[in-house]
Amino acid sequence: MIWKRPLSLEDLNHMVAGSMISQLGMVFTHLDDRQLEATMPVDERTRQPFGLLHGGASAALAETLGSMAGYLASEEGQCVVGTEISASHHRAVTRGEVRGVCCPLHLGRSQQVWEIVIFDRDKRCCTARLTTALLG
């Protein structure tokens, strides 16, 4: 198991209450030994004016998953900050819900790299990579 902080899905969802994360309807839904998942609705909060899931909303979901995974994988007293994010959008999504799956690519002493894949049903619609720095 890569997680160093003993938090449950309920704890994670409680932590983000009232933030942009909850305002966009993101919900952490799965946590196992090596990955964290969350969902986000595709609705008026997350679509761009042309009716498609906004790329920035996908990036926000990716950043949320990678940052929270980074926090879970850090030691007490450490702070995790995002330093770089990239996202490739593969297909349009117009309605429903997307699911993000976050897995580690690199877990170092001072840097982490996370891959976040976002699915519309079972079809990949976005692939993102987040690099974080561990401070403290």
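Observations on the model:
- If the condition is being acidic (D, E) and in a strand (DSSP E or B), then region 115-136 contributes E115, D120.
- The residues of region 8-36 that are among the small types (G, A, S) and under 27 Å from H106 (Cα atoms) amount to a single one, S8.
- Lone unmet requirement of (1) under 20 Å from T132 (Cα atoms); (2) surrounded by 14 or more Cβ atoms within 10 Å (Cβ to Cβ) for R5: (2)
- Residues satisfying the stated conditions in region 104-136, i.e. closer than 22 Å to M1 by Cβ, among the aliphatic types (A, V, I, L, M) and surrounded by 15 or more Cβ atoms within 10 Å (Cβ to Cβ): L107, V113, I116, V117, L130, L134
- Check on P49, out of contact with any Pro (no Cβ under 9 Å at 6 or more places or on another chain), surrounded by fewer than 18 Cβ atoms within 10 Å (Cβ to Cβ) and modelled with pLDDT under 95: no
- In summary, T39 fulfils each of the numbered conditions (1) closer than 20 Å to L134 by Cβ; (2) β-branched (V, I, T); (3) surrounded by 16 or more Cβ atoms within 10 Å (Cβ to Cβ) with the single exception of condition (1).
- S74 at pLDDT 95 or above, surrounded by fewer than 18 Cβ atoms within 10 Å (Cβ to Cβ) and polar (S, T, N, Q): no
- Some residue of region 69-91 being in contact with a Gly (Cβ under 8 Å, 6 or more places away or on another chain) and among the acidic types (D, E): no
- Selection of region 15-36 for residues being surrounded by fewer than 12 Cβ atoms within 10 Å (Cβ to Cβ) and either within 18 Å of L72 (Cβ to Cβ) or at pLDDT below 95 (or both) yields A17, S19, D32, D33.
- Any chance R95 is under 19 Å from A128 (Cα atoms) and either at pLDDT below 95 or touching a strand residue (DSSP E or B) at 6+ places or on another chain (Cβ under 7 Å) (or both): no
The values are calculated or read from the model by the stated rules, or taken from the named source; none is laboratory data. Remember, predicted model here, so these are calculated numbers, not experimental data. Note: ideal-geometry Cβ built from the backbone for every residue, glycine included; neighbour counts use all protein chains shown.
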